[in-house]
1. Please report the relative contact order for region 264-413, taking Cα pairs under 8 Å with a sequence separation of at least 6, and give it as a percent rounded to a whole number.
2. Of the labelled options [x] 44; [y] 59; [z] 63, which one gives percent of Cα pairs over 29 Å apart as computed for this structure?
3. Would you list C109, C214 from fewest to most Cβ contacts within 10 Å?
4. What FRET efficiency comes out for the pair Y5/K170, r = Cβ-Cβ distance, R0 = 30 Å, nearest 0.05?
5. To the nearest 20 Debye, how big is the dipole of region 264-413 about its Cα centre, given +1 on the beta carbon of each Lys and Arg and -1 on that of each Asp and Glu?
6. Using Cα pairs under 8 angstrom and six or more residues apart, how large is the relative contact order of region 40-143, in percent?
7. Per the helix-only calculation at 222 nm, which mean residue ellipticity applies to the chain, given -39500 (n - 2.57) for every DSSP H run of n ≥ 4 and division by its residues, nearest 500 deg cm²/dmol?
8. With the Cα gyration tensor of region 3-237 giving a ≥ b ≥ c as the square roots of its eigenvalues, does the rule (a/c under 1.5 for rounded; else a/b larger than b/c for prolate; else oblate) give rounded, prolate or oblate?
Amino acid sequence: MCMTYYASIPIIALLIHFIINHDALRKDTGKDSIPAHMKYRSFLIGVAIYYASDAAWGILYLFGYRLRWLLYADTVVYFLVMALTILLWARYVIAYLNEKNRFEIVLTCVGWAFLTYMLIVLAVNLFLPVMFRFDADGTYHAGTLRYVTLFSQILLFQLTSVYMLIMTVKQKGKARVHHRTIGLFGLIMTVLAAAQVLWPLLPLYSVGFLLGTCLLHAFVLEDEKAEYRRELERLVQRDKEHKRELGSARTMAYTDSLTGVRNKHAYVEAESRIDQRISDGTQNPFAVVVFDLNGLKDVNDTLGHEAGDRYIKDASEMMCRQFPHSPVFRIGGDEFVAIILSEDYEARERLLKEFDEKIEKNLREGGIVVSGGLDEFDRAHDQSFQMVFARADKKMYERKRILKEMAAQVAESV
């Protein structure tokens, strides 16, 4: 056979190898946590090196005696990589099965023994051509141990193949197909390694690797990729559900159960965040409105606590409607605070005036009465949120006094 055609087969095999196995050859943090995936990638790298050495052998053989020493060196690499791929294949099979039984320990030891044997034989071959030799014309001649080596390879591939096929009996569904495919890889390599004995100058080993890895890609790797993708989707969905649960729990923990506005716990955290930003010099302008419900005790005493709860809820809805872009907190039984931000901050004076006018109307008509006091953050003087709150609280009490006077006047007029 023309050696040009010999070299073309492993070259084509190498190209196909990289095309179909680019995902498996690429490092992936998630997949690399799976021992079988790491072992298979190592095996694929070994196969790629084997293809390269086999292609180089076919090219160098064309030059015969002129590149005899280079050809000899490549032949040594060829046999070493061949032995290494057998060890890497055995390690992949063991990692895939993940059973850690006696046979798998023996298989690992045999794989290492075969690689060690190959190193010794190739070292001896430098002085005594027991494995191979090239004559003066650069023609290749197989030695006795070359055939011993091939029979040893056949035996190793048979061992992994038969064992995988035996293990297939215990499997169901996709797992059974995967085990059969891995076992079939061993059978293919057994047949083509045996054929290599009869035709040593044919790249049958490369053909075996090509057929075998294509089968593994089609019936094992693609299924595992699909399963890995499904598992990732399940994990993402579980993470979303977990976040929703956490969000729901957080909402409950930070929400006042009666009114639906934010509670005292949320208020303390908001105050802490603002204090930190004031300290850092990054706090944007804001204002604070302190609210206090007038007459809640009278409602509870005369109409009952259910009516009192409705009074609190209606009052909080008024605050939220009046300051729609600002968080409202219930910090006590009848005490509320709004932190005025963004659009509400720009219109704070108008919004508070409108709120006060509604309250005064309610006072005359016997509706809900809420006292509110507003003050804003002064970057030049305020060193904490509490300083702003204290001024707003003082204004709230002043407003409460005014509303009480107005209520007395309304009562007198009646």
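1. Relative contact order comes out at 31 percent.
2. [z]
3. In order of increasing Cβ crowding within 10 Å: C109, C214.
4. The value I calculate is 0.10.
5. Magnitude of the dipole: close to 60 debye.
6. Averaging sequence separation for qualifying contacts and normalising by length gives 30 percent for region 40-143.
7. -24500 deg cm²/dmol
8. Verdict is prolate for region 3-237.
The numbers here are math on the coordinates, done by the rules we state, and not lab data. For clarity, every value in this text was computed on a predicted model and none was experimentally measured. Note that we place each Cβ from the backbone using ideal geometry, even for glycine, and neighbour counts take in every protein chain shown.
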